[in-house]
Amino acid sequence: MPVALPQDPLTVLMVDDDAELSAMVAELLHAHGMRVHCAGTAAQGLADLTRLEPDVLLLDLMLPDANGIDLCRRLRESGHELPVLMLTARGDPFDRVLGLELGADDYLGKPFEPRELVARVRALARRQQAVMRRTQLRFDGLTLDLLARRVKCQGEPLSLTSTEFKLLLALASQPGVCVSRQALSAAVQPGNYMPMDRAVDVQVARLRKKLSAAPGGRDWIETVRGEGYVFTGSRL
């Protein structure tokens, strides 16, 4: 009997022009506790990809307006690390090898056994979540990408200076812990030079203002008088 996943439901985006197959897959994955969104064209899929930020992409090889392999290559070239499972009715091993070489994570031929599709989707999601735990700090509504050095609030990019990112990283790496001004100074400017406490206060104030003004903004940072600052988010 299918059961919902214990963590937040996985979001799956399926890009396939076979409406009947898409409906069947959506029903199957819904029964296993996943959210599913379907797109019939590459253009619609790209729009949904930006809007939904899915956990796994199911991508048909042949689409009305694009080749699935080309679309996968474009995603990888643009920096997307989303797990991609290629779906195709074609059995040509050249397509399979080429798709994997151009960035697909897995490959499943049609028709496929439903349980195998569910297992592969979950395996890709687990693998991606393990990578994200090492390369991202995620909180409710706030994500720090340590590799790209980017921050998002409610999925929207937040423009921070290099100094502001370093301050936020130093604080968010230790949620609930008071970080002293001296430690924040060292995070911003390692070495012998240390900014004055007042300079750190000004930089933190600017960071807090940007976080508060961001989508779903809130005051993520609290002042501990005479000691430093605390990041108040709970890591996911």
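Kindly indicate the residue of the stretch 82-96 that is among the hydrophobic types (A, V, I, L, M, F, W, C) and modelled with pLDDT of 65 or more and also nearest to Leu146 (Cα to Cα) among those meeting that condition.
Only one residue fits best here, namely Leu82.
Restricting the stretch 60-69 to residues that are touching a residue at least 24 places away in the same chain (Cβ under 8 Å) and within 13 Å of Leu102 (Cα to Cα), which is farthest from the chain's Cα centre (by Cα)?
Once the filter is applied, the top-ranked residue is Leu61.
Every residue, every condition in (1) within 26 Å of the chain's Cα centre (by Cα); (2) touching a residue at least 40 places away in the same chain (Cβ under 8 Å); (3) not assigned by TED's automatic domain parsing to the domain that holds Leu49, yes or no:
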position	(1), (2), (3)
Leu144	yes, no, yes
Gln154	yes, yes, yes
Leu171	yes, yes, yes
Ala183	no, yes, yes
Ala187	yes, no, yes
Ala199	no, no, yes
Ala205	no, no, yes
Arg218	yes, yes, yes
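Starting from the stretch 38-51, keep only residues that are buried (at least 18 other Cβ atoms within 10 Å of the Cβ) and modelled with pLDDT of 90 or more, then list their pairs with residues that are among the hydroxyl-bearing types (Ser, Thr, Tyr) and not in a loop (DSSP other than H, G, I, E, B) whose Cβ atoms are within a distance under 8 Å, requiring at least 6 positions of separation or different chains.
Pairs that qualify, where the first residue is buried (at least 18 other Cβ atoms within 10 Å of the Cβ) and modelled with pLDDT of 90 or more and the partner is among the hydroxyl-bearing types (Ser, Thr, Tyr) and not in a loop (DSSP other than H, G, I, E, B), are Cys38/Ser22; Gly40/Ser22.
Per-residue answers, yes or no, for (1) modelled with pLDDT under 85; (2) more than 28 Å from Arg149 (Cα to Cα); (3) of a type in the set (Phe, Trp, Tyr):
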site: His80; (1), (2), (3): yes, no, no
site: Leu98; (1), (2), (3): yes, yes, no
site: Leu102; (1), (2), (3): yes, no, no
site: Asp105; (1), (2), (3): no, no, no
site: Phe112; (1), (2), (3): no, yes, yes
site: Ala125; (1), (2), (3): no, no, no
site: Gln128; (1), (2), (3): yes, no, no
site: Arg133; (1), (2), (3): yes, no, no
site: Gln136; (1), (2), (3): yes, no, no
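Mind counting the residues in the stretch 113-159 that are small (Gly, Ala, Ser) and at positive phi?
Count: 2.
Residue by residue through the stretch 58-82, note down the ones that are crowded, with 21+ Cβ neighbours inside 10 Å and either in contact with a Ser or Thr (Cβ under 8 Å, 6 or more places away or on another chain) or hydroxyl-bearing (Ser, Thr, Tyr) (or both).
Within the stretch 58-82, Asp60, Leu61, Leu63, Gly68 meet the criteria.
Would you pick out the residues in the stretch 195-227 that are at pLDDT 85 or above, on the phi < 0 side of the Ramachandran plot and outside any helix (DSSP H, G or I)?
If the condition is that a residue be at pLDDT 85 or above, on the phi < 0 side of the Ramachandran plot and outside any helix (DSSP H, G or I), then Ala214, Pro215, Arg218, Asp219, Trp220, Ile221, Glu222, Thr223, Val224, Arg225, Glu227 are the ones that fit.
Would you point out the residue of the stretch 175-194, among those that are part of a loop (DSSP other than H, G, I, E, B) and either of a type in the set (A, V, I, L, M, F, W, C) or surrounded by 18 or more Cβ atoms within 10 Å (Cβ to Cβ) (or both), that is modelled with the lowest pLDDT?
Within the stretch 175-194, the subset part of a loop (DSSP other than H, G, I, E, B) is 175-177, 189-194.
Imposing the further condition that a residue be either of a type in the set (A, V, I, L, M, F, W, C) or surrounded by 18 or more Cβ atoms within 10 Å (Cβ to Cβ) (or both) reduces the set to 177, 194.
Values: Val177: 95, Met194: 51.
Only one residue fits best here, namely Met194.
Check whether at least one residue in the stretch 6-19 is in a helix (DSSP H, G or I), at negative phi, at pLDDT 90 or above and over 24 Å from the mean Cα position of the chain (by Cα), and report yes or no.
Yes, that holds for at least one residue.
Please give the number of the condition Leu49 fails out of (1) part of a helix (DSSP H, G or I); (2) farther than 20 Å from Val25 by Cβ.
Of the numbered conditions (1) part of a helix (DSSP H, G or I); (2) farther than 20 Å from Val25 by Cβ, the odd one out for Leu49 is (2).
If we scan the stretch 102-115, do we find a residue that is farther than 19 Å from Leu236 by Cβ, crowded, with 18+ Cβ neighbours inside 10 Å and small (Gly, Ala, Ser)?
Within the stretch 102-115, one or more residues are farther than 19 Å from Leu236 by Cβ, crowded, with 18+ Cβ neighbours inside 10 Å and small (Gly, Ala, Ser).
The values are calculated or read from the model by the stated rules, or taken from the named source; none is laboratory data. All values derive from a computational prediction rather than experimental measurement. No Cβ is skipped: glycine too gets one built from the backbone with ideal geometry, and neighbour counts run over all protein chains shown.
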